[in-house]
Amino acid sequence: MTPDTYEPRQDLQDDRQPEAGEPEATRRNAGETESSRASRGWWDGNADEYQREHGEFLGDDRFVWGPEGLDEADAGLLGPAAALAGRDVLEIGAGAAQCSRWLAAQGARPVALDLSHRQLQHALRIGGGVPLVEADAGALPFADGSFDLACSAYGAVPFVADPVRVMREVRRVLRPGGRWVFSVTHPIRWAFPDEPGPEGLSVAASYFDRTPYVEQDETGRAVYVEHHRTLGDRVRDVVTAGFRLVDLVEPEWPEWNTQEWGGWSPLRGHLIPGTAIFVCERD
């Protein structure tokens, strides 16, 4: 799993200035090429720190949908674990391929795809023999109808300027009846400062402002881009791409989870949703 968007966005409602050498946080338009380039560079540069900080929570072979800690083993959003054996599964935005390793342990045949070369190097470091592919989610290097299932835990979808293009690609490589399940930051979170404490409980921006969040260097070049879509936008993206939405899961924060991860925390998690999981099928 690559829960990329767990990294905290800065509260853009204040007047703080970035320190020398730090990227400037802003809201501005960012197209497909700029967004893809920024994501590749950001993850290549931050994969080591990310795996050090979150590797214990993610495990080596755990399939977790978000910071709440919802496990696929319990949720069964791809279908019953016993039914995964022999299924061809594409994981998009796989990071170090933790989810794919769990799928392989159930007898599935996963392929782990990520934009970041460095993230895939961590997948090689952990091992497990899962096939790894370095590619952009908007141009999947697979033949039509190659997979039975596709999944993405915070990978790719929040970081692309054209999510419909990604979903159409996913639909293309799925066989009829295939399921596509992906998780993203819950859209309501964009209206709140990305802070884990009480300061993150007051609305600070318009939920309907779809201007991308961008971190840029001193030359104005984007080094991190995240795109906001409302809940309705996400549903329309799914339908426009030719999928049928069969479930929308908003995991509640469990009592056992006491960790903070960026703007995710028990305090906020008990009050507002942090993750949205879309369960879609290709007819």
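Observations on the model:
- Taking the range 269-283 as the range and being open to solvent by less than 30 Å² (accessible area, probe 1.4 Å) and within 14 Å of Leu70 (Cβ to Cβ) as the test, the residues that pass are Gly269, Gly274, Thr275, Ala276, Ile277, Phe278, Val279.
- Being under 30 Å from Tyr207 (Cβ atoms) and surrounded by fewer than 23 Cβ atoms within 10 Å (Cβ to Cβ) holds for only one residue in Arg168, Arg109, Arg189, and it is Arg168.
- In the range 236-268, the residues that are outside any loop (DSSP other than H, G, I, E, B), buried (at least 16 other Cβ atoms within 10 Å of the Cβ) and within 17 Å of the chain's Cα centre (by Cα): Asp237, Val238, Val249, Trp261, Trp264
- Against the conditions (1) modelled with pLDDT under 95; (2) part of a helix (DSSP H, G or I), Thr33 satisfies every one except (1).
- Out of Arg229, Arg221, sole residue that is under 23 Å from Ser36 (Cβ atoms) and touching a helix residue (DSSP H, G or I) at 6+ places or on another chain (Cβ under 7 Å): Arg229
- Being within 21 Å of Ala47 (Cβ to Cβ), open to solvent by 10 Å² or more (accessible area, probe 1.4 Å) and small (Gly, Ala, Ser) is not true of Gly177.
- For the range 139-185, the tally of residues that are over 18 Å from Arg282 (Cα atoms), touching a His at 6+ places or on another chain (Cβ under 8 Å) and not in a loop (DSSP other than H, G, I, E, B) stands at 2.
- Options Leu78, Leu70; residue that is open to solvent by 40 Å² or more (accessible area, probe 1.4 Å) and among the hydrophobic types (A, V, I, L, M, F, W, C): Leu70
- Considering only residues in the range 83-101 that are of a type in the set (D, E, K, R) and buried (at least 24 other Cβ atoms within 10 Å of the Cβ), the one that is farthest from Gly45 (Cα to Cα) turns out to be Arg101.
The values are calculated or read from the model by the stated rules, or taken from the named source; none is laboratory data. Keep in mind that what you see is a predicted model, and the values were worked out from it rather than measured. With ideal geometry, Cβ positions are generated from the backbone for all residues, glycine too; neighbour counts draw on all protein chains shown. SASA here: full protein model, heavy atoms, side chains in, ligands and nucleic acids out. Shrake-Rupley method; radii C 1.70, N 1.55, O 1.52, S 1.80 Å.
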